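The values are calculated or read from the model by the stated rules, or taken from the named source; none is laboratory data. Since this is a predicted model, take the numbers as computed values, not measurements. Glycine also receives a Cβ, built like all others from the backbone with ideal geometry; neighbour counts cover every protein chain displayed. Only protein heavy atoms, including side chains, enter the accessible area calculation; ligands, DNA and RNA are left aside. Shrake-Rupley method; radii C 1.70, N 1.55, O 1.52, S 1.80 Å.
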Amino acid sequence: MQEVKVLDGGFSTQLGTYVGDTIDGDPLWTARFLVTHPEAVVSTHLDFLKAGADIIVTNTYQVSIDGFSKYMNIPEEESLNLVCKAVDYAKKAVNLYKKCIENEENIVNANPLIAGSVGPYGACLHDGSEYSGKYCSTVTEEILVNWHRPRVQKLVDSGVHMLAMETIPCGKEAKALVKLLKEFPSSKAWISFSCCNDGKSIVDGSNFQDVAIQCYKEALPGQILAIGVNCIAPQNVTSLIKGINKNREQEQVPLVVYPNSGEKYTVERGWMKTEEGYSLHQFIPEWLNLGVRYIGGCCRTNSVDVKKIQEEVEKWKNA
């Protein structure tokens, strides 16, 4: 049986326990706190490690040269160096965690890994377009490759164990990232998509499974650790990933899933609770049986949720 890795949860949600309700609505989102509250960034990573995360994701989802220049008057080189600092903060959290567990027994995640977050082009537009993909018709693949390259270069140079190419809203950007990844043949990544609630589509209208499998096949052998979805309501995950691994005679495609809490987000009103009442934890055995090997939480999930995910994964392993 292939190993299952537990990811962390919603970074902004957990970070909010340290900085208050000052994150959503900020054009730099959590990236601002790399400058203003670095210790809170470290503490957030540490919370997830203590909760049982095998992999923590760097606070670089919304880092961009343009964003830091526009909103904090930070020059280009310093902006790129903040990517390195984000990795350093994750490493510091891992070191602190290892000191905490030196004398403990039965440790679940004795050697946690760090994934470098590569958010979509749309995240830095601060208009919610990572949930619509509306920019994908106006930018070329070449523009996307060139825009992503500096951040990916810094993450790789800083020593992340893998890349988390996440919340990708269109096939064009996913293909651009696969193309870019080939420039770093020793690096590995997962690609997770921003998807519709129709159970079949990326938010740009492309068929999720067709695009995801194409990306998996077009990458260099072994470069794509997993393909999947993130920041989607948990009840909409299964229909998207079901069937990808139906043919057991073919190579099994590892899947990654980290849904949000099920709440709905708009730029104008932020996150709004819904009445469906679904919990991501209730779907975990189902997802694992479908081939999910990387599992965690996204927006509006916290360290308590990660702990529950870790417990459900252990139950499934021992069943």
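Observations
- Residue within segment 220-232 that is polar (S, T, N, Q), part of a helix (DSSP H, G or I) and either more than 20 Å from the chain's Cα centre (by Cα) or at pLDDT 95 or above (or both) present: no
- Tally of residues being among the hydrophobic types (A, V, I, L, M, F, W, C) and touching a helix residue (DSSP H, G or I) at 6+ places or on another chain (Cβ under 6 Å) across segment 121-146: 5
- Within segment 24-47, being open to solvent by 10 Å² or more (accessible area, probe 1.4 Å) and either assigned to a loop (DSSP other than H, G, I, E, B) or in contact with a Cys (Cβ under 6 Å, 6 or more places away or on another chain) (or both) holds for Asp24, Gly25, Asp26, Pro27, His37.
- Residue in segment 103-123 that is part of a loop (DSSP other than H, G, I, E, B), open to solvent by less than 10 Å² (accessible area, probe 1.4 Å), of a type outside the set (Lys, Arg) and touching a Pro at 6+ places or on another chain (Cβ under 8 Å) present: yes
- Any hit, segment 61-69, residues being of a type in the set (Val, Ile, Thr), within 19 Å of the chain's Cα centre (by Cα) and outside any loop (DSSP other than H, G, I, E, B): no
- Residues (surrounded by fewer than 23 Cβ atoms within 10 Å (Cβ to Cβ) and more than 23 Å from Arg293 (Cβ to Cβ)) located in segment 48-63: Gln62
Conditions (1) in a helix (DSSP H, G or I); (2) open to solvent by less than 10 Å² (accessible area, probe 1.4 Å); (3) among the aromatic types (Phe, Trp, Tyr), marked per residue:
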| position | (1), (2), (3) |
| --- | --- |
| Val139 | no, no, no |
| Ala164 | no, yes, no |
| Lys175 | yes, no, no |
| Val178 | yes, yes, no |
| Ser187 | no, no, no |
| Ile213 | yes, no, no |
